[in-house]
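Written out below as structure tokens is the structure these notes cover.
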Amino acid sequence: MSETHHTKVLIIGSGPAGYTAGVYAARAMLSPILVQGMEPGGQLTTTTEVENYPGFTEVQGPELMVKMQDHAAAMGTTIIQDIITDLDLTKRPFTARGDSGDIYTADSVILATGARAKWLGLPSEDKFKGFGVSACATCDGFFYREKNIVVVGGGNTAVEEALFLTNFGQKVTLIHRRDELRAEKILQNRLFKHPKVEVLWDHTIDEIVGTDMPMGVTGVRARHVKTGAITEVPADGVFIAIGHAPASELVKDVLELHNGGYVKVEPGTTRTSIPGVFAAGDLTDHVYRQAVTSAGMGCMAALDAEKFIAEMDDVTETVVTEIA
Ligand SMILES: Cc1cc2nc3c(=O)[nH]c(=O)nc-3n(C[C@H](O)[C@H](O)[C@H](O)COP(=O)(O)OP(=O)(O)OC[C@H]3O[C@@H](n4cnc5c(N)ncnc54)[C@H](O)[C@@H]3O)c2cc1C
């Protein structure tokens, strides 16, 4: 039977942003409810080693997220396995509907629904994700020191990732399906001048090739878009840099978005265009997209929500006193 839950703080999403918001909101005695969504633990559950989360020289992504979940629960966050399918932010208390049929009403909402890297959609890409195929140079570049690296894409992200990866790889091949890049000219100039970079124009990826034992990438099979000719490019790491899609569907018609769908927040805060609604993590960040920055924003969102609720309580108290 469906239930209605009321909370001072409803946290939507169970990545680093959501769980950190849970830790802080629970420790502020706000008894938060956190709804996990379709991917409990978020993006890090899809990776293997994480080497850049402070306090852990190396930890498996899923293990780190179980620790974060346990931490949030231990502090007093109620964690619910449900998916929010509908969110009414037009009046307070805000109302969310879960896929389970449950209703959540809340004095404030922290949106932490993250983002998704866009992928090419090849079965071989899926097979080697976390074993040579990545969508995050900051996260995984370090694993390809003195190796051959392929970057796929033609926008700012692809060129920035390719340039960043020159710090590690012995050679970086950027593969783009057109004969010119969309990236800013200044980035293009840096790319073209770099001695470690080669650009393969007018090519798409047919297949990422590799070995099963041990699981790893050995190269890509690229196809010329006009002639159909196949080129085999040796690679130990393949970085797909064709963009990210923030998970902002729930709020796209009611909150201000920018940069292709990211929720806009007031600079230096997590406040969105609706008072009482806060956004944290990759959902609002098209620049850093890291676990630690998401966790940091989760902390900010809980503190912002706590302040909002305290101010709301002050107003209610004043009104009650005036009427009395
Ligand atoms: C393969 C891979 C490797 C990475 N490696 C690293 C690394 O080594 N170091 C690093 O710092 N970062 C890494 N990152 C990036 C890092 O994972 C993200 O920056 C971080 O997870 C973002 O956290 P988040 O809390 O904003 O959202 P996410 O982790 O994206 O989580 C979003 C959450 O929202 C939930 N959700 C979405 N929609 C709904 C809904 N309708 N209702 C309820 N819940 C919903 C999902 O279930 C999920 O739990 C990696 C990313 C990937 C994909």
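The values are calculated or read from the model by the stated rules, or taken from the named source; none is laboratory data. Note that the coordinates shown come from a computational prediction; the quantities given were computed from them, not determined experimentally. No Cβ is skipped: glycine too gets one built from the backbone with ideal geometry, and neighbour counts run over all protein chains shown. Ligands, DNA and RNA are excluded from the accessible area calculation, which covers all protein heavy atoms including side chains. Shrake-Rupley method; radii C 1.70, N 1.55, O 1.52, S 1.80 Å.
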Tally the residues that are without any contact (Cβ under 8 Å) to a residue 60 or more places away in the chain and either on the phi > 0 side of the Ramachandran plot or open to solvent by less than 10 Å² (accessible area, probe 1.4 Å) (or both), restricting the search to the stretch 220-240.
2
Would you mind telling me which numbered condition in (1) over 30 Å from HIS6 (Cα atoms); (2) assigned by TED's automatic domain parsing to the domain that holds SER31; (3) among the hydrophobic types (A, V, I, L, M, F, W, C) ILE149 fails?
(2)
For the stretch 151-202, which positions are in contact with a helix residue (DSSP H, G or I) (Cβ under 6 Å, 6 or more places away or on another chain), closer than 20 Å to LYS118 by Cβ, assigned to a loop (DSSP other than H, G, I, E, B) and at pLDDT 95 or above?
LEU181
Taking the stretch 276-307 and keeping only residues that are in a helix (DSSP H, G or I), open to solvent by less than 50 Å² (accessible area, probe 1.4 Å), more than 8 Å from the ligand (Cβ to nearest atom) and over 13 Å from THR113 (Cβ atoms), one is left with GLY296, CYS299, ALA302, ASP304, ALA305
(1) more than 11 Å from the ligand (Cβ to nearest atom); (2) more than 23 Å from LEU303 (Cα to Cα); (3) exposed (fewer than 15 other Cβ atoms within 10 Å of the Cβ) all hold for ILE103 apart from (3)
Between a residue in the stretch 131-148 that is of a type in the set (Asp, Glu) and any residue that is assigned to a loop (DSSP other than H, G, I, E, B), which pairs come within a Cβ distance under 6 Å, given they are 6 or more apart or on different chains?
GLU146/GLN170
